[in-house]
């Protein structure tokens, strides 16, 4: 169940767009939750743009900067000791130096670049994984959380 605070992140801003960047490795079960979200959005609301970075968030930086978002939300699996499927909003100053993904640049650095180059508020939405073994399927609770996020993005 997503909190009201998380649901509010996806509401239209007074001006500008919210950019959602999904991150993760689709071959490591729940680590693929970010790309799963991006893959299952056929159409997002006009005030939200989605970029799927997979396991290379540094590769979408130019596109992200070109979009000039007012808010950027990075979605990735993160082990914060919660229940599998639990979703937490992690403020920029508390970004993990590493997540469970195999990306080269830590999301803290990606967030700093995005913030400096766009002036956007950058937030991290972490989803607690239940299964990080090799495989392409999400565990049931992680998939349920991903579906809630997808529903918000689709409107």
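In the chain, Cα pairs under 8 Å separated by at least six residues give a relative contact order of 33 percent.
Every helix of 4 or more DSSP H residues in the chain counts as -39500 (n - 2.57), and over all residues that averages to -8500 deg cm²/dmol at 222 nm. Here the calculated FRET efficiency for residue 15 and residue 80, from their Cβ-Cβ distance with R0 = 41 Å, stands at 0.80, rounded to the nearest 0.05. If the chain linking residue 7 and residue 136 were pulled fully straight, counting 0.36 nm for each residue of separation and taking away their Cα-Cα distance, it would gain 43.7 nm. From least to most packed, judged by other beta carbons within 10 angstrom and beginning with the fewest, 68, 28, 108 follow the order 68, 108, 28. With a cut-off of 14 Å on the backbone N, the residues of segment 1-39 near the modelled label site 7 Å out from residue 154 along Cα-Cβ are 37-39.
Pairwise Cα distances in the chain exceed 22 Å in 32 percent of cases. The angle separating the long axis of helix 107-118 from the principal Cα axis of greatest extent in the chain is about 20 degrees.
In segment 23-87, the ratio of gyration radius to Kirkwood radius, Rg to Rh, stands at 0.98 when only Cα atoms are counted. Against the main long axis of the alpha-carbon atoms of the chain, helix 140-154 sits at an angle near 20°. Label sites at residue 58 and residue 105, each approximated as a point 7 angstrom past Cα along Cα to Cβ, lie 0.7 nm apart.
Since every read-out is calculated from the coordinates, none of them should be taken as a lab result. Because the structure is a prediction, the values reported are computed rather than measured. Note that we place each Cβ from the backbone using ideal geometry, even for glycine, and neighbour counts take in every protein chain shown.
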